[in-house]
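Undergrad: Below are the structure tokens for one structure; questions will follow.
Laboratory data are not the source of any read-out in this text; all were calculated from the coordinates shown. Note that the coordinates shown come from a computational prediction; the quantities given were computed from them, not determined experimentally. Here the Cβ is made from the backbone with ideal geometry for all residues, glycine too, and neighbour counts use every protein chain on show.
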Amino acid sequence: MGFEFSDKVQKLREQIEAFMSKHVYPNEGTYWQQLEAAKDRWDALPLIEGLKIKAKAEGLWNLFLPESHYGSGLTNFEYAPLAEIMGRVYWASEVFNCSAPDTGNMETIERYGSAEQKKRWLEPLLEGKIRSAFSMTEPEVASSDATNIRTSIRRDGNHYVINGRKWFTSGAGAAHCEILIVMGKTDPDNADLHKQQSMILVPKDTPGVNIIRNLPVFGWDEAPHGHAEVVYDNARVPVENILLGEGRGFEIAQGRLGPGRIHHCMRLIGQAEVALEKMCRRVASRTAFGRTLADQSVWQERIAESRIMIDQCRLLTLHAAEKMDKAGNKEARREIAMIKVAAPKMACQIIDWAIQAHGAAGITSDFGLSYQYARARVMRIVDGPDEVHRNQIAKLELAPYRAPRKREGAR
């Protein structure tokens, strides 16, 4: 398992690091100032839109999309270290047009969309002119089992009629969100539970698409991105808006969520690195009981454990990315599940230690750690909760032991 990056990737890493140092890190305070001063907190921020132009001009654009002439030609493995650098500042990925849920939505339309769907929605998304949302989770069912989803997608002549209630529809709150990918049931009576669901493209301005509210996350409203509660009330869209065909929703979901989980995990590793840096600076600069915190064994132990945990997760994530590239998402499902459990858990622990190192200051907004923790904790739920991934890992591990054994002497 030798992870070496090509000269192309090394150059991109250097370019992104230089861009972050010049344009992103110095503007972390500016971001929050513009957000607080905005007349509409859900509108695009001038800072982000300006940096998009700079990033595009430097060729640091749409780096995430593998196996596509639309992207930069990078594999999942090659993109992973770039996502980590961008992830150090949670809003930076959007600057490079590499932020969720747009990355997953663009990959979905690129893989499963028709030529017309790509022209209408994928191209403006790739250009960064619009944003998108993914509408899957429902408040009235345990959505960790997607067969529970109740939203109805009913054929009516040349249209589909959509009825249902979703929430945590990521991105729907943004003023420049124009398209939602909605998962619902087109064939609720199909004996195969995994053939009941379909995915469909729904323009946000469709009559009957009602944004009820943007849900707070640990008290943060998540503007200008947001996680919206959406009610679909007889929303009608043309039959041409279906993705891939009826009954293909689960197939699309598995193709979509694998790369998205890799992206989330690498961004979390970037956040954990930032938290460790903050922890180290804090304990080296604070004196208690006659010596610096850095000289106390409890903090030395936590710092050492943090480094071990980060590097473990990075290697595990690179391994999963490499397997996705070589064997496909389905064959890499165990490795994907493993990183989706390990990375958020690791980030939560390290950020928590960093908060503890800062004492009362850690739970304020002054050092950014409380928001870091909130975002990391959310990742233990989105794209499948820890419990679902652990169950899948265990089933795959147990499978060889549950296979029927041949009787001794039987051919």
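Undergrad: Per residue of the stretch 68-77, what does 6.51 cos²θ - 1.76 cosθ + 1.60 with θ = phi - 60° give for ³J(HN,Hα)? Whole Hz please, x for Gly and Pro, Karplus curve as stated.
TA: Once rounded to whole Hz, the list reads 8, 6, 6, x, 9, x, 8, 7, 4, 5.
Undergrad: So, one more: For the chain, what is the calculated [θ] at 222 nm in deg cm²/dmol (nearest 500), taking -39500 (n - 2.57) for each run of four or more DSSP H residues and dividing by its residue count?
TA: Rounded to the nearest 500, the figure is -15000 deg cm²/dmol.
Undergrad: Put +1 on the Cβ of every Lys and Arg and -1 on every Asp and Glu Cβ in the stretch 222-342; which of Thr287, Gly226, Ile336 then has its Cα farthest towards the positive end of the dipole?
TA: Going by the Cα projections, it comes out as Thr287.
Undergrad: Given the pairs Lys118/Lys166; Lys54/Lys323; Lys323/Lys345; Lys11/Lys119, which are separated by over 27 angstrom at their Cα positions?
TA: Distance filter (> 27 Å) returns Lys54/Lys323; Lys11/Lys119.
Undergrad: Strictly greater than 16 Å: what percent of every Cα pair in the stretch 131-246 meets that?
TA: Of all Cα-Cα distances in the stretch 131-246, 57 percent exceed 16 Å.
Undergrad: In the stretch 116-185, which GluC sites (Glu not before Pro) fall in coil by DSSP and have 14 or fewer other Cβ atoms within 10 Å?
TA: Answer by residue number: Glu127, Glu140.
Undergrad: In Å, what Kirkwood hydrodynamic radius results for the stretch 7-126 from the alpha-carbon pair distances?
TA: 15.1
Undergrad: List the trypsin sites (Lys or Arg not before Pro) in the stretch 305-380 that DSSP assigns to loop (not H, G, I, E or B) and whose Cβ has at most 13 other Cβ atoms within 10 Å. Which are they?
TA: When the trypsin sites (Lys or Arg not before Pro) of the stretch 305-380 are filtered for loop state and at most 13 Cβ neighbours within 10 Å, Lys330 remain.
Undergrad: When N counts the residues of the stretch 207-294, how does its alpha-carbon radius of gyration compare numerically with 2.2 N^0.38 Å, as a ratio?
TA: Taking the Cα Rg and dividing by 2.2 N^0.38 Å, one obtains 1.87.
Undergrad: Moving to a separate point now. In Å, the Kirkwood hydrodynamic radius of the chain over pairs of distinct alpha carbons?
TA: Hydrodynamic radius (Kirkwood, Cα pairs) of the chain is 22.5 Å.
Undergrad: Computed over the Cα atoms, what is the radius of gyration of the stretch 295-360 divided by 2.2 N^0.38 Å, N being its residue count?
TA: So the stretch 295-360 has a normalised radius of gyration of 1.40.
Undergrad: OK, next. Given labels modelled 7 Å from the Cα in the Cβ direction, how far is it in nm from Leu396 to Asp145?
TA: Taking the simple label geometry, Leu396 and Asp145 are separated by 2.2 nm.
Undergrad: Which aspartates and glutamates does Lys185 reach when only Cα atoms under 16 Å apart count, and residues fewer than 8 places away in its own chain are ignored?
TA: Result set, ordered by chain and number: Glu138, Glu140, Asp145, Asp156, Asp233, Glu246, Glu251.
Undergrad: If amide hydrogens are placed 1.01 Å from N in the peptide plane, which non-local residues have theirs closer than 5 Å to the one on Phe96?
TA: Residues meeting the criterion, in which the H sits 1.01 Å from N, do not exist here.
Undergrad: While we're looking at this one, here's another question. If the elastic network links every pair of Cα atoms under 10 Å, which of Trp42, Trp299, Trp167 fluctuates the most in the Gaussian network model of the chain?
TA: Comparing Trp42, Trp299, Trp167 in the GNM, the peak value goes to Trp299.
Undergrad: By average Cβ neighbour count within 10 Å, what is the ranking of 183-192, 196-205, 3-12 from highest down?
TA: Taking the mean over residues of other Cβ atoms within 10 Å, the ranking is 196-205, 183-192, 3-12.
Undergrad: I would also like to ask the following. Lys52: which lysines have alpha carbons under 18 Å from its alpha carbon, excluding same-chain residues fewer than 8 sequence positions away?
TA: Lys22, Lys129
Undergrad: Please give the Cα centre distance for the stretch 42-111 versus the stretch 242-267, rounded to the nearest Å.
TA: So the separation of the two Cα centres works out to 17 Å.
Undergrad: Taking the Cα centre of the chain as the origin, how large is its charge dipole in debye, to the nearest 20, when only Lys and Arg (+1) and Asp and Glu (-1) carry charge on their Cβ atoms?
TA: For the chain, the charge dipole is close to 820 debye.
Undergrad: What is the percent of Cα-Cα separations in the stretch 250-402 that go past 19 Å?
TA: Taking all Cα-Cα pairs of the stretch 250-402, the fraction more than 19 Å apart is 57 percent.
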